[in-house]
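Worksheet: the structure to be examined is printed underneath.
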Amino acid sequence: MILAEKISEERKKNGWNQEELAEKLSVSRQSVSKWESGQSVPDLNRILELARIFGVTTDYLLKDEIEEAENVDGFKSTESSKKLRKVTMEEADEFLRIKTKTSPIIAFGVSLCVASAAPLIALIGLSESRRIGITEDFASGIGVAILLVMVAVAVFLFILSGRESSKYEFLGKEEIETEYGVDGIVREKKNDFSGKFTISVGIGVVLCILSCVPLMLCAGINAKDDIVVISVSILLLIVAVAVNLFVRVGIINSSFDVLLQEGDYTVKKKKEAPVVGAVMLVYWLIFVAIYLGWSFPTGKWDISWVVWPIAGVLSPIVALITRMFVNKK
């Protein structure tokens, strides 16, 4: 391995991203990125500092023929000698291509889930006001059928997308080592994508804010119940569009973090992931049970949808508490 690869490997083994290493060295993240991509070489003082921070010898960093790190006392580091799964340039390119391809499919599936209650709520509201010539029970039946079909289509899309990217699941779960040059190219692609990511998230946030406007107008003019119900359906549809934007760009942006082992995919967070994932699975199953247990017996689908915003707000808190518990252990 050459110096650039060794800096990248040691950084990842310590669970740091480029910004964290840059802070320890009092340099910019761009400097670390250039070192790891081979575009520049750190000066002697930085080499000494890198050796001290990583707990290895300068000989290991500077001599290409030395492939195993030794600590400052001359003993081989157990952590550094651990065999990591190597990700080639071709694998990284294919992984990013698959994520870019499946992101709109997954985003559409999530949007279907969010919007699935909208037809049901609208039909119930219209039947109660006698605006359509069907009974409330019949309207509920049609609405639930549409809801189930939309969710079923969403699940099919999730399975389809998951199957295509299944061979790269290890990237988000295991500590990896990327081939020389991969980090630099992925970093460049992430920087190029950052503008689109920011704009999409911004539009999504604006849509979420505007989604409440129909309900606020109804409250202002004392609208009839059926108009209020229709407004709730419109709110869900607007939120579904916003969520589509969030998920679409979020998947692509996180795919860069997966390869760079940054953000939610640092070595530390990968170790936490199995426990956090299991807890969050149980968490969402509980809310699904609450939603169905409330909706079916009472038939109040126009009210029970509030379960999902509450679940969404609480989920990051539950995840954070779980991570704190795992780290304490």
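The values are calculated or read from the model by the stated rules, or taken from the named source; none is laboratory data. Everything numeric in this text was worked out from a predicted model, so none of it was measured. Ideal geometry is used to build each Cβ from the backbone, glycine not excepted, and the neighbour counts take in all protein chains shown. Each accessible area value is taken on the protein alone, full model and side chains, heavy atoms only, with ligands, DNA and RNA left out. Shrake-Rupley method; radii C 1.70, N 1.55, O 1.52, S 1.80 Å.
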- Query: Does Gly250 count as out of contact with any Gly (no Cβ under 9 Å at 6 or more places or on another chain), in the same structural domain as Ile185 (by the TED database) and closer than 30 Å to Glu177 by Cβ?
  - Reply: yes
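Every residue, every condition in (1) open to solvent by less than 50 Å² (accessible area, probe 1.4 Å); (2) of a type in the set (D, E, K, R), yes or no:
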position	(1), (2)
Glu169	no, yes
Phe197	no, no
Gly204	yes, no
Cys212	no, no
Cys218	yes, no
Val249	yes, no
- What are the residues in region 39-74 that are small (Gly, Ala, Ser), at pLDDT below 80 and open to solvent by 20 Å² or more (accessible area, probe 1.4 Å), if any? Gly74
- Among the residues of region 164-206, the number that are touching a residue at least 40 places away in the same chain (Cβ under 8 Å), among the β-branched types (Val, Ile, Thr) and under 24 Å from Leu245 (Cα atoms) is 3
- Note on the structure: Within region 1-25, restricting to residues that are in contact with a helix residue (DSSP H, G or I) (Cβ under 9 Å, 6 or more places away or on another chain) and assigned to a loop (DSSP other than H, G, I, E, B), the one that is nearest to Thr178 (Cα to Cα) is Met1
